[in-house]
Each structure stands twice: as structure tokens, then as C-alpha cells.
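Everything below concerns the one structure shown next.
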Amino acid sequence: MQYRVNPKNGERISALGLGCMRFPGALGRPDQRQARDIISRAVERGINYLDTAYLYPGNEACVGAALEELGVRDRVLVATKLPHGSVRGAPDLDRILDEQLRRLRTDHVDYYLIHNVTSPGQWDRLRELGIEGWVARQRDAGRIRQVGFSYHGSAGDFPVVLDAYDWDFCQIQYNYVGESYQAGTAGLRAAAARGLAVFVMEPLLGGRLADRLPDRARRILDDASEPGLETPAAWGLSWVWDHPEVTMLLSGMAAPEQVDENAAIAERALPGSLTPAQHEVVARVVAEFERANRVRCTGCNYCMPCPQGINIPGSFSAYNASYAHGWFSGAWQYYAASAVRTSEPKLVSNCVRCGACARKCPQHIDIPARLADVGRRFQPGPVGWALKAWSRLR
Ligand code: SF4
Ligand code: SF4
């Protein structure tokens with residue numbers, strides 16, 4: 001395993017971290033046995049950083065149980081996140097952290113993040129509630145070691161958040177199609193220049209830069225394939241690791257074999273290891289990706305459930321697939337995601353534009369408007385009316 005040094009505290013962190021949000025499971029909850037197998041393989045391969053969050057359903061408890069069963073808590077750094085929207089007063093901070101430590105079966109969190117910061121005002125609100133004093137007390141008590149934030153706001157606000165507190169680290173979304181998106185490359189450099197450890201999430205954009213890459217982009221990578229860069233995932237991860245400012249990247253690995261695959265890539269992908277010709281290949285892939293990328297949904301599920309039962313990420317995935325892989329492929333996906341073969345199809349035309357979903361989207365997608373685009377593509381005029389009438393008759 002390749003390790004990088006946290007510039008803030010000198011800690012050695014595996015360049016590849018395990019993002020626990022995408023553990024396999026059912027109904028949005030992780031499967032304990034499969035999660036344990038993934039964690040076990042990750043530790044075996046030298047991964048020493050695990051990322052979870054209070055808001056991932058059942059996830060902290062699953063990670064805690066696996067670490068206890070495997071007896072490896074002291075071999076890994078555990079990161080989890082504060083759902084700041086649930087904090088109404090100082091007592092909530094204690095209540096939430098107590099619950100997290102109980103779920104994780106540990107007496108401390110190594111890396112504690114303010115979850116999904118999108119504007120400086122969110123930190124200002126927490127400061128007014130006394131979070132700075134609270135953090136100092138938790139550090140003194142040894143319950144929290146390092147404090148940071150995960151970011152999904154604008155590029156302009158990012159330096160303001162960076163300077164609002166003496167952070168130890170930050171976590172940003174970063175990948176080769178997102179150099180100018182959210183914190184972006186400028187934010188990566190700004191955080192590193194301030195001496196912070198920078199952790200990267202969504203290095204493969206929720207799999208869209210791996211197995212769901214548009215066909216034409218995929219062909220470019222296949223033609224340029226060489227040892228160590230045989231798959232789209234290898235290109236995407238290597239591109240992130242090419243940046244010396246990146247301390248660690250999180251990958252949401254869903255099987256032990258995926259851990260093996262990514263760990264092997266991590267061993268080779270050192271800072272500055274991509275050649276100019278390889279960067280040129282990536283630039284061509286970015287151009288193809290942008291042609292097919294109509295909605296920037298990462299499939300994180302933060303917007304779910306929709307009260308009308310609409311499968312929001314499934315609909316966007318199908319919509320993008322219809323541009324990347326052809327209309328029929330996307331339409332098939334859309335009708336499967338909308339359960340049209342069941343007695344209760346949930347078409348995007350069921351949307352009542354309540355807006356509940358859009359408020360929770362870290363990608364700031366205008367979900368109701370974009371679902372209308374999905375409807376126009378897959379349920380044009382008479383098709384939409386016929387489907388609606390048919391679903392009423394069933
Ligand atoms: S705006 Fe539409 S898609 Fe979003 S939660 Fe409301 S009904 Fe569901
Ligand atoms: S629409 Fe937004 S919140 Fe919903 S899955 Fe996509 S990126 Fe996540």
C-alpha cells in the first residue's frame with residue numbers, strides 16, 4: 001500500500017481509504033456480513049482509513065460491529081460526520097457524538113467532520129451554538145482527534161470556510177471531470193497551501209467514471225490501455241493520486257475483489273506519475289464525458305425517499321445512460337427503475353414539485369426541473385398520457 005503523510009499531524013494514511021457509504025445491502029442498509037468481509041480485506045491490504053457518517057442508515061453500527069468482530073479497531077483511523085442540520089443547541093452535539101461512539105463501539109473518533117458544508121453560514125451558526133468550545137473539550141477528553149469538514153459548496157465560498165476555523169483537514173469532491181466543480185483544483189491547492197490534509201471523495205463520480213463511462217470515452221481509454229492503466233477505474237483513481245496535494249482518496253468499494261483491484265492501483269499511482277501523453281488521453285475523455293453528461297447526479301441517495309415514490313437517482317442514471325449508451329438502453333433502465341412492470345409504477349410525471357429533494361442534494365441539482373427533462377425524453381406526449389392512464393387502470 002502507498003501511504004501519504006498528513007501534513008497537519010504527521011500521521012501515515014493509506015492513499016486509498018474505504019468509503020463505507022456504498023456497502024452492499026438492501027433497502028439502503030448495509031449487509032453486515034458483506035461489510036465485514038470488505039473491511040477485513042481492506043485492513044489486510046493495508047488500508048487504514050474508514051469513512052462513515054451518522055446519516056448513512058445503519059452504517060456506523062455496521063462499521064463498529066465489524067471492527068469489533070475483526071479486532072482491528074487499533075489498526076484503523078475511523079472517520080465519521082456530524083449532521084449539522086440536526087444541531088439545534090449545544091446538548092445536541094453531546095447527544096449525537098455519544099450515540100456515534102456507541103454505534104462505532106469505540107471511545108474516540110480519529111477524524112470528525114462537519115458533514116456536507118455548503119456555505120460559510122452553516123459554520124457561523126454552529127459557532128454561535130458554541131461548537132468551538134465543545135470541540136476543544138472533546139479533544140481534551142480524547143473523544144475526537146482531528147476536526148475537519150466535507151464540502152459541497154461553491155468554489156468561491158470554499159476559501160471562506162477554510163479560513164473560518166483552524167481545521168486539521170477537509171474532504172472535497174474531486175475527479176477528472178470536476179476540476180472546476182465545487183472546491184475543484186483551486187480549492188485543492190488552497191487547502192494544501194494552508195497545511196491541511198486533503199481527502200478526496202467521489203474520485204470516480206459514484207461509478208460514472210468507471211463501469212458507466214460513455215461508450216466513446218471508454219473506447220479512448222481502451223485504446224490507450226497500458227500496464228497499470230487497464231481499466232477506467234485505474235485511470236480515474238491514478239489521475240487523483242497524481243496530485244501531490246491529495247493525502248488520501250475514498251473509494252466506496254462494494255466487494256473484497258474491488259479492494260484488491262484498487263489497492264493494486266494505489267501501489268503504483270504515486271504523485272506526478274502520469275505522463276503528459278496520459279494527461280492528454282484524460283483530456284479527450286473529459287470532452288466525451290461532457291457531451292453525454294446531462295445531469296450531474298452521483299447517485300448518493302441523499303434526496304431519497306421521495307414522498308411520491310420516484311426513484312430520483314435511478315431516473316437520472318437512465319437519462320444520462322440514454323446519451324452515453326443510446327436511447328433504448330436508457331429507456332429500458334428508466335422503465336425498470338420506475339417499476340412500470342409492477343402494480344405501482346412511479347413515473348417522473350408523478351412529481352408534485354414539492355422541492356423536498358432538491359434541498360438535500362449536495363450537487364445542487366434542480367431536481368424537479370431535471371425530472372421534467374427526464375419525462376420529456378422517456379414519456380413524450382402520447383406515451384406519457386398512455387402510461388398515466390394505464391397506471392390508473394391497474
Ligand atoms: S419535488 Fe418531486 S421528486 Fe422531489 S421529493 Fe417532491 S415529488 Fe419527489
Ligand atoms: S439527485 Fe442529488 S441528492 Fe439525489 S442522488 Fe443525485 S446527487 Fe444525490
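The values are calculated or read from the model by the stated rules, or taken from the named source; none is laboratory data. Owing to the predicted nature of the structure, the values given are computational and were not obtained by experimental measurement. All Cβ positions, even for glycine, are placed from backbone atoms using ideal geometry, and neighbour counts span all protein chains on display.
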Screening 317, 349, 338 for residues that are within 16 Å of ligand 1 (Cβ to nearest atom), of a type in the set (Ser, Thr, Tyr) and in contact (Cβ under 8 Å) with a residue 60 or more places away in the chain leaves only 317
Considering each of 352, 348 in turn, give the residue that is out of contact with any helix residue (DSSP H, G or I) (no Cβ under 7 Å at 6 or more places or on another chain) and not assigned by TED's automatic domain parsing to the domain that holds residue 206.
-> 352
Check off (1) modelled with pLDDT under 90; (2) small (Gly, Ala, Ser); (3) over 30 Å from residue 229 (Cβ atoms) for residue 318 and give me the number that stays unchecked.
-> (3)
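For region 22-42, state whether one or more residues are out of contact with any Leu (no Cβ under 8 Å at 6 or more places or on another chain), small (Gly, Ala, Ser), closer than 25 Å to residue 152 by Cα and assigned by TED's automatic domain parsing to the domain that holds residue 138. Reasoning before the result, please.
Within region 22-42, the subset out of contact with any Leu (no Cβ under 8 Å at 6 or more places or on another chain) is 22-35, 37, 41.
Right, trim to small (Gly, Ala, Ser) and you get 25-26, 28, 35.
When the remaining residues are screened for being closer than 25 Å to residue 152 by Cα, the result is 28.
Then keep just the ones that are assigned by TED's automatic domain parsing to the domain that holds residue 138; that gives 28.
The answer is yes; a qualifying residue exists.
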Within the group 152, 115, which residue is out of contact with any helix residue (DSSP H, G or I) (no Cβ under 8 Å at 6 or more places or on another chain), buried (at least 16 other Cβ atoms within 10 Å of the Cβ) and within 25 Å of residue 185 (Cβ to Cβ)?
-> 152
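Determine whether residue 309 is touching a residue at least 24 places away in the same chain (Cβ under 8 Å), within 16 Å of ligand 1 (Cβ to nearest atom), in a loop (DSSP other than H, G, I, E, B) and small (Gly, Ala, Ser). So that I can check it myself, show each step before the final result.
Values: touching a residue at least 24 places away in the same chain (Cβ under 8 Å): yes; within 16 Å of ligand 1 (Cβ to nearest atom): yes; in a loop (DSSP other than H, G, I, E, B): yes; small (Gly, Ala, Ser): yes.
So residue 309 fits the description; yes.
Residue by residue, here is whether (1) in a loop (DSSP other than H, G, I, E, B); (2) more than 16 Å from ligand 2 (Cβ to nearest atom) holds:
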position	(1), (2)
272	yes, yes
282	no, yes
287	no, yes
295	yes, no
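Which residue is surrounded by the most Cβ atoms within 10 Å (Cβ to Cβ), if the candidates are limited to region 320-369 and must be assigned to a helix (DSSP H, G or I) and touching a Phe, Trp or Tyr at 6+ places or on another chain (Cβ under 7 Å)?
From region 320-369, those assigned to a helix (DSSP H, G or I) are 320-324, 327-337, 348-350, 358-360, 367-369; that's our starting set.
Add one more test, that the residue is touching a Phe, Trp or Tyr at 6+ places or on another chain (Cβ under 7 Å), and what stays is 330-331, 334, 360.
Numbers: 330: 21, 331: 18, 334: 26, 360: 14.
The qualifying residue surrounded by the most Cβ atoms within 10 Å (Cβ to Cβ) is 334.
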Which pairs have Cβ atoms under 6 Å, sit 6 or more apart or on different chains, and link a residue in region 278-304 that is under 17 Å from residue 179 (Cα atoms) to one that is outside any helix (DSSP H, G or I) and within 13 Å of ligand 2 (Cβ to nearest atom)?
-> 296/363; 298/202
Do you know which residues across region 232-254 are at pLDDT 95 or above and either in a loop (DSSP other than H, G, I, E, B) or charged (D, E, K, R) (or both)?
-> 242, 243, 244, 245, 246, 247
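Taking the condition surrounded by 14 or more Cβ atoms within 10 Å (Cβ to Cβ), more than 16 Å from ligand 1 (Cβ to nearest atom) and hydrophobic (A, V, I, L, M, F, W, C), does residue 295 pass? Break it down stepwise before answering.
Numbers: surrounded by 14 or more Cβ atoms within 10 Å (Cβ to Cβ): yes; more than 16 Å from ligand 1 (Cβ to nearest atom): no; hydrophobic (A, V, I, L, M, F, W, C): yes.
No: the conditions fail for residue 295.
Has region 316-330 got at least one residue that is under 20 Å from residue 22 (Cβ atoms), within 11 Å of ligand 2 (Cβ to nearest atom) and of a type in the set (A, V, I, L, M, F, W, C)? Talk me through it step by step, then tell me what you get.
Quick first cut of region 316-330, residues under 20 Å from residue 22 (Cβ atoms) only: 316-318, 320-321.
The next check asks that each one be within 11 Å of ligand 2 (Cβ to nearest atom); those that pass are 316-317, 320.
Next cut, of a type in the set (A, V, I, L, M, F, W, C) only: 316.
Scanning region 316-330 turns up at least one residue that is under 20 Å from residue 22 (Cβ atoms), within 11 Å of ligand 2 (Cβ to nearest atom) and of a type in the set (A, V, I, L, M, F, W, C).
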What are the residues in region 178-206 that are surrounded by fewer than 21 Cβ atoms within 10 Å (Cβ to Cβ) and out of contact with any Gly (no Cβ under 8 Å at 6 or more places or on another chain), if any?
-> 179, 180, 181, 185, 186, 189, 190, 192, 193, 194, 195
Determine, yes or no, whether residue 263 is assigned by TED's automatic domain parsing to the domain that holds residue 49, away from ligand 2 (no atom under 15 Å from the Cβ) and buried (at least 21 other Cβ atoms within 10 Å of the Cβ).
-> yes
Determine, yes or no, whether residue 285 is aliphatic (A, V, I, L, M), surrounded by 18 or more Cβ atoms within 10 Å (Cβ to Cβ), in contact with a Pro (Cβ under 9 Å, 6 or more places away or on another chain) and closer than 30 Å to residue 372 by Cα.
-> yes
